[in-house]
Structures are given as C-alpha cells and as structure tokens.
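Heads up, the thing below is written out as structure tokens.
The values are calculated or read from the model by the stated rules, or taken from the named source; none is laboratory data. Note that the coordinates shown come from a computational prediction; the quantities given were computed from them, not determined experimentally. All Cβ positions, even for glycine, are placed from backbone atoms using ideal geometry, and neighbour counts span all protein chains on display. The accessibility values were calculated without ligands, DNA or RNA, using every heavy atom of the protein model including side chains. Shrake-Rupley method; radii C 1.70, N 1.55, O 1.52, S 1.80 Å.
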There are 2 protein chains.
Amino acid sequence: MARAATTSDAFNAVAEPRRRQILTFLAVDEREVGEIVAAVGLDQPSVSKHLGVLREVGLVHVRRNGRHRLYRTNAEAIRPLYEWTGTFERYWRHQLNRVKERAEVQMVHNSEEASAKEK
Amino acid sequence: MARAATTSDAFNAVAEPRRRQILTFLAVDEREVGEIVAAVGLDQPSVSKHLGVLREVGLVHVRRNGRHRLYRTNAEAIRPLYEWTGTFERYWRHQLNRVKERAEVQMVHNSEEASAKEK
DNA sequence: ACATTACATTCCTATATAGGAATATGTCAA
DNA sequence: TTGACATATTCCTATATAGGAATGTAATGT
C-alpha cells in the first residue's frame, strides 16, 4: 500500500510545510490567491493545488468575489490535531520533571563531591 | 518533486494513522515490539518499520533488554505540533463566538417572527 | 555448537504525490 | 465581442512510500 492521500485528513494535509505556511498566512484574514502566491513564493498553479488539498479536507473556506477568490483558514479543522497532540501533554510534563529531578540530584551530588575534596 | 519523506519531521511521521496509534500505546509505558504488534494488529516487519520512522524523527526512545527492545513515546517530540496547532486557538475561539452570536441573533429573530404570527 | 526467540532489514510493487509547463475556465471592461 | 486578468485543471516525471514475503542478525538457553 502507498502512503495515505494528502486529502485523506487534516494530519496528512498539514504534513506539507508550504500548506502550513499558507494556513498561517490565511489565519489572520482572508486573502486572494495572488496575495498567497506572493507570500509563499511558489508559482500560481502550485498554490492553487495546495489550496485544493486544504479545501478538500476543510482546512480553508473560500468565498468568490468577482474574478477573485478569497481564502481563509478554518481554524476549527485544526482543532482535532491540537487535541490529539494535547493528550501527550501530561507525559512531556512528567518527562520534564524527571529530567529536572535528575539534574537536581546531580547538583547535590556534585556539591557533595566538592565538599569532600575540600577536606 | 515528490512528497516529503515521512522521516523528514514529526508532522510527516505522525500523518500515518498506525504510527499515531503506536504513539498513543507507547505513551503510558514502555513496551516491547511483540506487545506493539499484538496491540496494533499489523505483522511484525511493518511494525518494525513504523518504529524505525518514529525513531528517526525522535518520536520514540528505545532501550535494549536482552533480546527485547523496549520502546516508549518521547512526548517532548510531539510538543512542536501541539504548539503549532495551538497558534490557531484564538481563531477558532473567535469563529465559535461568531457562530454563537449568529445563532443568538437567529433565535431572537425567530421568536420575533413567532410573536408576530401570534398577533 | 545449535536451535530458538525477538527484531530489523531488504526486495518488491501499486499508488500518490509536488512542482513545472501548458492549457482551460470564468469574469470584468471597453 | 474581444482582450486582459485571476484562478483552476491537466499532463508529465522523479520520488517515496506501506505492506507483504523473505531473509538477516543478535541474544539466550541447553
């Protein structure tokens, strides 16, 4: 089996760095495609294709205005990723604590060594 | 250009559902490969390959114990994803508020319509 | 030394890109 | 209608999988 399609879910869509860049750019306010092209420095067809992927997984909203299309990040669609990654928060907290504790033990150990040497 | 390698960063590594499953399983406590195989229901070589990807991007730690290898999720490596997705939190809050406001306006509108009809 | 257990690695193939080039579609203005 | 502009779509190719099958490797018990 090959890799899952980029359009299969938000996780796959967001794996591409340029798409993350676009999402960041479109989070603040809606922009037309030309502005996005200028912002990311890819040529227009590539940007349109990335926007197509983002559209298909619901990561952006589009609105037509004359010959322009105004895109905007749909932050709601990023939320599942935030929540999944957030389930690991307690673990990295624990890991940090363990590292800190070890560091403190180490410091005590070192200062005891230092005192011993002074004698 | 083809898609970026799954080993290029945590975003790409985590795009694969089985790898997310493995990370969740290994978050609580370290496990040997056989246990992971039983847990995810893939055959051993596939699991080993997924573990290889997770290893290469630092999403898991390994420890050898005799002929076993004990894997464990390195939650720290998931943190960047949590933080990136978290930058959109204020936007989905705003979006929620807008939806709520519209809903409330709509409800007022509806009840006014209802009152009007009653007359 | 040898069989066994626990994993990792290699080989294979169908599939899906990402970007470049070229072209199609749709909308406005004169 | 015609032309210019804005965006989307199609065609092309090199590349990278994910999983299945087969094989390699390292550690243990006897």
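Each other copy holds its own label point for A:Q44; taking that point as 7 Å from Cα along Cα to Cβ, the gaps run 5.7 nm, nearest first. Of all beta-carbon atoms in chain A, the one sitting closest to the axis that brings chain A onto chain B gives A:A15, 2, with the distance in whole angstrom. The accessible area of A:W92, taken with all protein chains in place and a 1.4 Å probe, comes to roughly 10 Å². Averaged over the residues of peptide B:68-78, the number of Cβ atoms from other protein chains lying within 10 Å of each residue's Cβ is 3.
Per residue of B:43-53, how many C-beta atoms from partner chains lie within 10 Å of its own C-beta, taken as a mean? Walk me through the numbers on the way to the answer.
Working: counts 0, 0, 0, 1, 0, 0, 0, 0, 0, 0, 0.
Average neighbour count from other chains, rounded to a whole number: 0.
Take A:A2, move 7 Å from Cα toward the beta carbon, and the resulting point lies 1.0 nm from the same point in each other copy, nearest first.
Which whole number in µm²/s is D for region B:10-77 by Stokes-Einstein, with the Kirkwood Rh taken over Cα pairs at 4 °C and 1.567 mPa s? The partial results should precede the final answer.
Details: Rh = 11.6 Å.
D, rounded to a whole number, is 111 µm²/s.
The residues A:F88, A:F25, sorted by heavy-atom accessible surface at 1.4 Å with ligands and nucleic acids left out, run A:F25, A:F88 from largest to smallest. Under 5 Å from the amide H of B:V60 lie the amide H atoms of B:R55, B:N74, each residue being 5 or more positions distant or on a separate chain, with H modelled from the backbone and absent for Pro and chain starts.
Between B:L42 and any residue 5 or more places off or on another chain, the built amide H atoms are never under 5 Å apart. Taking all protein chains together and rolling a 1.4 Å probe, A:I78 ends up with roughly 0 Å² accessible. Among the trypsin sites (Lys or Arg not before Pro) found in region A:1-59, those both in a DSSP coil and sparsely packed, with 14 or fewer other Cβ atoms within 10 Å of their Cβ, are A:R3. Shortest first, A:E56 label-point distances to identical copies amount to 2.5 nm, with the label point at 7 Å from Cα along Cα→Cβ.
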